[in-house]
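The values are calculated or read from the model by the stated rules, or taken from the named source; none is laboratory data. In this text the structure is predicted, and so the values were computed from the model without any measurement. A quick note on method: Cβ atoms are made from the backbone with ideal geometry, for glycine too, and the neighbour counts reach across all protein chains shown.
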Amino acid sequence: MNAGDSAQGFALVAFTAIVTVTLMLCVVSGPDSENLEEFYTGYARFSPLRNGLAIAGDYISAATVLGTGGVVALAGYDGIVLAVATSLSLALLMAVLAEPLRGSGRFTLGDVLARGTPERSVRLATAAVTLVALLPLMLVQLASCGDLVAFVLGFDDSVARTVCIVALGLLMMGYAAMGGMQGTASVQILKMIVLIVSGLAVSALVLRRFDYDVGTLLRAAADRSLAPGLYLRPGLQFGTGSYPRLDMIGTTVTLVLGAACLPHITMRLYGARSAPQVRRAMAWAVSLVAVSVLIVVVCAVGAAALLGGRAIRAVDPQGDSAFLLAARAAVEPGPGLAGNLLLTGVTTALFLTLLASVAGMILACAGTLAHDVFAPRTSAAPPPRQEIRIARAAALGVGCAAVALAVPVQHRNLHALSMLSMSVGASVIAPALLYSLLWRRFDRTGLLWTLVGGTASVLICFPATSLVSGTPQAALPGVDVNWLPLATTGAITVPLGFALGWLGSVLPRRHDRVPEPAGRAPAVAGARIES
Amino acid sequence: MVWRAARASRYTDTEEGREALRRDACRGPRRAAALVTGGIFAVFLLLSAFAPGAMTAPLPGGGVPAGVMAGLLHPPFTVAVLWWYERTAGRREREVAR
């Protein structure tokens, strides 16, 4: 048996072990069939460190490890800016929104935004926004799963990749439906431990190849990159459009505002018992994310330094395999037993990253469908057992839809889908949460304008960007509907989302100036939180 | 401190009042943490976009470009600021509770 077969054998054993262990974790730590808290938040049982691990696990998805890692490996400086923005986003969530979010909602984003207003339109709009924000990100994870398994097991057959996506999609639906938030939290904790331990080991091996000198590592990466003179300067990723500065600022701000506001992250905060507990958990989460981001940067730059940009691009045009390639290159010349174990650890970490992330997103979507859309129709207050049953059915429905959509997009540029999710997060969810938790005058009209207008603006503008069409690297290279001279929509839709919420709340209307009776709750969630 | 004592005398009678006092106590460090981490990143981003020359100047010693070093140092700096916030807010809450 040669080295390649041995590594594939290890990987196959690891995949099987992960599937078994994680399914067992979900079953063992899954929720009681009548406990909605356990199913939707699963927070109260864990210590702050474990909650921090679970939040970080939800936050670090394939978009970070593979997508941002690829941009760092191929574009250097601009990728580092995006990686730092990813780390900052969760930090700002902790400093600005974590405490107000605690206790402001029960289970879903709809609970937070619709608090105090009985109108169903708010819940329906919030459910739609949750689906629009998370479905693209789920497709990224599922399509990456097919790529990862194909790459590790060494096959390049389209049918086999599709079978992988379908099988793994079924597995993720199982996690979400059986384990609920509590079960997936256990998987997230396992994932973060494996990711950080194996990532630190690979980073140390990479740095050892350059005598632990970051300067030498960076110079080697620049020398072997596709654009040696530009690798350590701003502009390699964003410099190709008509407005490079606007692209850089817009994309980064989108990531800072959008990444941490996505519903599967905020959902973890609702169930915290006290403010000190949520602060401690978030401090752990931010620390773990910062370590993960630095690991991704070191490994991606290491891949560029050890293999060169051309070799990375030959495996994947977006460089998504940089993390794995760095691990393989770091254990050269011969992997041996220890090397094979490390490679298995890295593939296990990536596999867990993909599996657990999708499970959390499926759960957030299923939760909003069950809690905000279907549950109120079945009766005035459906019993918990019935609502959990609806949520489990919704998880299966969302999962099937995600798998069906992931199959046709698996060979496309997946960065466009990641950015679409982040754009919805930054242009719709971030303004809605910030206004509703921190601004007393924000009312139902402002909220609906933000939710509906912000989402519509993203859905109209995003297909017109150069990330979707009009360039060879676009998601649809054969199509050209690129009428917007920007890479992402953040520069337009983020200010628009905030402006719509503000305008909707301050513009005078005929019927809404009736004074509220004394003691009535403010129309929107957080008015009582921060005055 | 005078205004804080005045608020304390008004609000300690009710649960909402005590919650408001607790929030007051944490508000300063919370805003400071958000402004410092977000503000420094905003400067880093604006310099990267509008003054790339300043960010590519090599630092003395290893010759690492200033912008790359700033980017690599930002996550650990953020972590330090947020742990400071966590500790300070907890201490102030305990003071208010007493």
(request) Output yes when any residue across the stretch A:268-277 is within 23 Å of A:Gly319 (Cα to Cα), among the charged types (D, E, K, R) and surrounded by fewer than 24 Cβ atoms within 10 Å (Cβ to Cβ), and no when none is. (result) no
(request) Just give me the residues in the stretch B:48-65 being more than 7 Å from every other protein chain (Cβ to nearest Cβ) and assigned to a helix (DSSP H, G or I), in sequence order. (result) B:Gly53, B:Ala54
(message) Just to verify a result, which residue in the stretch A:54-72, among those that are of a type in the set (A, V, I, L, M, F, W, C) and away from chain B (no Cβ under 14 Å), is farthest from A:Ile312 (Cα to Cα)?
(response) A:Ala54
(message) I'm told A:Ala95 meets every condition in (1) within 30 Å of B:Asp24 (Cβ to Cβ); (2) touching a residue at least 24 places away in the same chain (Cβ under 8 Å) except one. Can you identify the failing condition by its number?
(response) (2)
(message) What's the total number of residues in the stretch A:234-264 that are assigned to a loop (DSSP other than H, G, I, E, B) and within 15 Å of the chain's Cα centre (by Cα)?
(response) 4
(message) Taking the condition of being among the polar types (S, T, N, Q) and surrounded by fewer than 20 Cβ atoms within 10 Å (Cβ to Cβ), how many residues in the stretch A:137-194 meet it?
(response) 2
(message) What's the number of the only condition in (1) touching a residue at least 40 places away in the same chain (Cβ under 8 Å); (2) in contact with a helix residue (DSSP H, G or I) (Cβ under 6 Å, 6 or more places away or on another chain) that A:Leu170 fails to meet?
(response) (2)
(message) Checking B:Ala89 against (1) more than 7 Å from chain A (Cβ to nearest Cβ); (2) over 18 Å from A:Val256 (Cβ atoms); (3) assigned to a helix (DSSP H, G or I), only one condition comes out false. Which one?
(response) (1)
(message) Please verify whether B:Val68 is facing chain A (nearest Cβ under 7 Å), in a helix (DSSP H, G or I), modelled with pLDDT of 90 or more and more than 24 Å from A:Ala95 (Cα to Cα), treating the condition exactly as stated.
(response) yes
(request) Look at B:Thr37 and say whether it is farther than 22 Å from A:Arg233 by Cα, facing another protein chain (nearest Cβ under 9 Å) and in a helix (DSSP H, G or I). (result) yes
(request) Residues being part of a helix (DSSP H, G or I) and facing chain B (nearest Cβ under 10 Å): count how many of those fall in the stretch A:215-233. (result) 6
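Yes or no, residue by residue, for (1) buried (at least 24 other Cβ atoms within 10 Å of the Cβ); (2) more than 30 Å from A:Arg509 (Cα to Cα); (3) basic (Lys, Arg):
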{"site": "A:Ala370", "(1), (2), (3)": "yes, yes, no"}
{"site": "A:Ala401", "(1), (2), (3)": "no, yes, no"}
{"site": "A:Pro408", "(1), (2), (3)": "no, yes, no"}
{"site": "A:Val428", "(1), (2), (3)": "yes, no, no"}
{"site": "A:Pro431", "(1), (2), (3)": "yes, no, no"}
{"site": "A:Leu447", "(1), (2), (3)": "yes, no, no"}
{"site": "A:Thr455", "(1), (2), (3)": "no, no, no"}
{"site": "A:Cys461", "(1), (2), (3)": "no, no, no"}
(request) Output the qualifying pairs, or none if there are none: Cβ atoms under 7 angstrom, residues six or more apart or on different chains, first residue in the stretch A:283-298 and at the interface with another protein chain (Cβ under 7 Å from one of its Cβ atoms) and part of a helix (DSSP H, G or I), second residue among the polar types (S, T, N, Q) and buried (at least 24 other Cβ atoms within 10 Å of the Cβ). (result) A:Val286/B:Thr78; A:Ala290/A:Ser87; A:Ala290/B:Thr78; A:Val293/A:Thr86; A:Val293/A:Ser87
(message) Checking the conditions here, which among A:Ala475, A:Ala416 is small (Gly, Ala, Ser) and over 21 Å from A:Val253 (Cα atoms)?
(response) A:Ala475
